Ligand SMILES: Cc1cc2nc3c(=O)[nH]c(=O)nc-3n(C[C@H](O)[C@H](O)[C@H](O)COP(=O)(O)OP(=O)(O)OC[C@H]3O[C@@H](n4cnc5c(N)ncnc54)[C@H](O)[C@@H]3O)c2cc1C
């Protein structure tokens, strides 16, 4: 064998060896990452976050080539991961439907679906103009199935543009349009109605802002700019709740618009060619058309006790970091109650009142954290108790034992007693509902 041949054999062998080493390192890295994702999935299952509740990505394993583009594009954390060379969901119930994974996947392996085979999601029937099967009642925003602030804003605007096209101004009702709900869809709809000179009113059961303000989460992400009527393009890609709220308020104010807050709509009935919109307060408003922008979270259930109307009583926890040195009563035994009590416990005196003898069906992680907080004396739990009345500086709990009452000094009360979903409200108004078991909301054609 000549020397050059030997040299070549050595070089080729070294190159092959190097390739083998690189492949082995790559495979080991892939195995390690798969294990990490497996562990995250196990944790997500334990925490009850693995099963999707509404919108979520579905991956076609046959088309996925594990580029990881979906994971990089998702603004949320650990919704997707790569396991055994394919993308998979981890905390699917945390998906809020940005759709960034859908757009980022180079092989179109992702579809965005709503509901699952096991868990259906109720959706109202709406046509391409956002009108329901009841002529004159329209739906926009998350209630129609699409999540996200920018989608709600877009739909609110388009729905009102469609209403304006068919609205006959000659009618006996007080308003041309009643907009129910002042989240992103309702705000955008109100601005559009003003722009199109429609005679309208916006009713909100709570305060301006919508769902995103009911969660103890600071960061708001918007994956693309939104176009707000009478304002123009809003290019806030990452913002805070307070900045967004300020923006809503200033746009409404500049255009002389007010939202009627603390005005919960109880029912809508059709009478003589127009609608009667009945409020919880007993007030009745007549209108030619109605736009429902009420989201999907429903209305918090009230306890119906004395003092519940006091200002210190709330059904959602906003900005827990700003609440200090208060005597707080949290009512409820679900995850929202536990999470809120934990968020308040470090800097306040928190008592949790729950009507049963133990917690049922709370996330294991919450259970663990809560047990730790109880042992550390951070939360005082009162099982088998029910609030009897709320006073300015105190609350009274019934303790289950014959006539026994517990008196507690109190500054703030947070009630998490579940809620009424919008389904019943819609059915009462005559709107048809269908359960969706994994239907595609965004899919490649
Ligand atoms: C934890 C969490 C984080 C999120 N983060 C983001 C994010 O970062 N970026 C993003 O784009 N989206 C985010 N979203 C999704 C976003 O909040 C919703 O998609 C959006 O708020 C939907 O707007 P909407 O106007 O359709 O409904 P909602 O915002 O739900 O507003 C509905 C309004 O109607 C009112 N209402 C309900 N019933 C009645 C009634 N009977 N009478 C009067 N008023 C009524 C409610 O009080 C509420 O104010 C998040 C959602 C959650 C849950």
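Would you order 101, 113, 19 from fewest to most other beta-carbon atoms within 10 Å of each residue's own beta-carbon?
Values: 101 26, 113 21, 19 10.
Ascending number of Cβ neighbours within 10 Å: 19, 113, 101.
If a/c stays under 1.5 just call it rounded; otherwise compare a/b with b/c (prolate if a/b is bigger, oblate if not). Do that for the stretch 241-359, with a ≥ b ≥ c from the square roots of the Cα gyration tensor eigenvalues. Could you put the intermediate results ahead of the total?
Numbers: a/c = 2.70, a/b = 1.59, b/c = 1.70.
Oblate is the answer for the stretch 241-359, as a/c is 1.5 or above yet b/c matches or exceeds a/b.
Report, please, the projected area of the stretch 290-361 averaged over directions, based on the convex hull of its C-alpha atoms, in nm². Mind dumping the intermediate values first?
Details: hull surface 27.6 nm².
Hull-based average projected area comes out at 6.9 nm².
Per the helix-only calculation at 222 nm, which mean residue ellipticity applies to the chain, given -39500 (n - 2.57) for every DSSP H run of n ≥ 4 and division by its residues, nearest 500 deg cm²/dmol?
Value at 222 nm, helices only: -9500 deg cm²/dmol.
Would you mind computing Rg(Cα) / (2.2 N^0.38 Å) for the stretch 344-445, counting N as its residues? It would help to have the intermediate numbers written out before the result.
On the way: Rg = 20.0 Å, N = 102, 2.2 N^0.38 = 12.8 Å.
That works out to 1.57 for the stretch 344-445.
Volume per residue, Å³, of the convex hull around the alpha-carbon atoms of the stretch 26-172?
Value for the stretch 26-172: 132 Å³ per residue.
In the stretch 1-53, how does Rg compare with the Kirkwood Rh, expressed as the Rg/Rh ratio over alpha carbon atoms?
1.51
Using alpha-carbon positions, what is the distance between the centroids of the stretch 171-242 and the stretch 261-300, in Å?
17 Å
Within the stretch 321-340, find all residues whose amide N lies under 17 Å from a label point positioned 7 Å from the Cα of residue 314 along Cα-to-beta-carbon.
The answer is 321-332, 336-340, whose backbone nitrogens lie closer than 17 Å to the label point.
Nearest 5 is fine: what % of DSSP beta bridges in the chain come out antiparallel, could you say?
60 percent
Any idea what the relative contact order of the chain is, in percent, if you count C-alpha pairs under 8 Å spaced at least 6 apart?
Here the relative contact order equals 16 percent.
How would you classify the chain from its alpha-carbon gyration tensor, with a ≥ b ≥ c the square roots of the eigenvalues: rounded for a/c under 1.5, else prolate if a/b is greater than b/c, otherwise oblate?
Numbers: a/c = 2.42, a/b = 1.36, b/c = 1.78.
Verdict is oblate for the chain.
Compute the helix-to-body angle for 364-375: its Cα long axis versus the longest principal axis of the chain, expressed 0 to 90° and rounded to tens.
Computed tilt is about 70 degrees.
Using only the alpha-carbon atoms, how far is helix 335-345 inclined from the longest principal axis of the chain? Give it as 0 to 90 degrees, nearest 10.
90 degrees
Under the rule a/c < 1.5 gives rounded, and otherwise a/b versus b/c splits prolate from oblate, where does the stretch 27-90 land using the Cα gyration tensor?
Working: a/c = 1.77, a/b = 1.20, b/c = 1.48.
Here the stretch 27-90 falls in the oblate category.
Hey, any idea what the orientation-averaged projected area of the convex hull of the stretch 374-430's Cα atoms comes to, in nm²?
Its Cα hull, projected and averaged over all orientations, spans 6.6 nm².
Given Cα pairs under 8 Å that are at least 6 residues apart, what percent is the relative contact order of the stretch 294-445?
32 percent
Stokes-Einstein D for the stretch 163-269 at 10 °C, 1.306 mPa s, Kirkwood Rh over Cα pairs, in µm²/s?
Translational diffusion coefficient: 106 µm²/s.
Which length gain, in nm to one decimal place, applies between residue 23 and residue 324 when the Cα-Cα distance is subtracted from 0.36 nm times their residue separation? Walk me through the intermediate numbers first.
On the way: separation 301, 0.36 × 301 = 108.36 nm, distance 5.58 nm.
Length gained between residue 23 and residue 324: 102.8 nm.
Measure nothing fancy, just the Cα-based angle from helix 241-254's long axis to the longest principal axis of the chain, in degrees from 0 to 90, nearest 10.
Helix 241-254 and the main axis of the chain meet at about 50 degrees.
Ranked from highest to lowest mean number of other Cβ atoms within 10 Å per residue, what is the order of the peptides 56-62, 237-243?
On the way: 56-62: 17.1, 237-243: 13.6.
With the highest mean Cβ count within 10 Å placed first, the list reads 56-62, 237-243.
Each value in this text was obtained by applying a stated rule to the coordinates, not by laboratory testing. The model shown is predicted, which means the values in this text are computed figures rather than measured ones. Cβ: placed from backbone, ideal geometry, glycine included. Neighbour counts: every protein chain shown.
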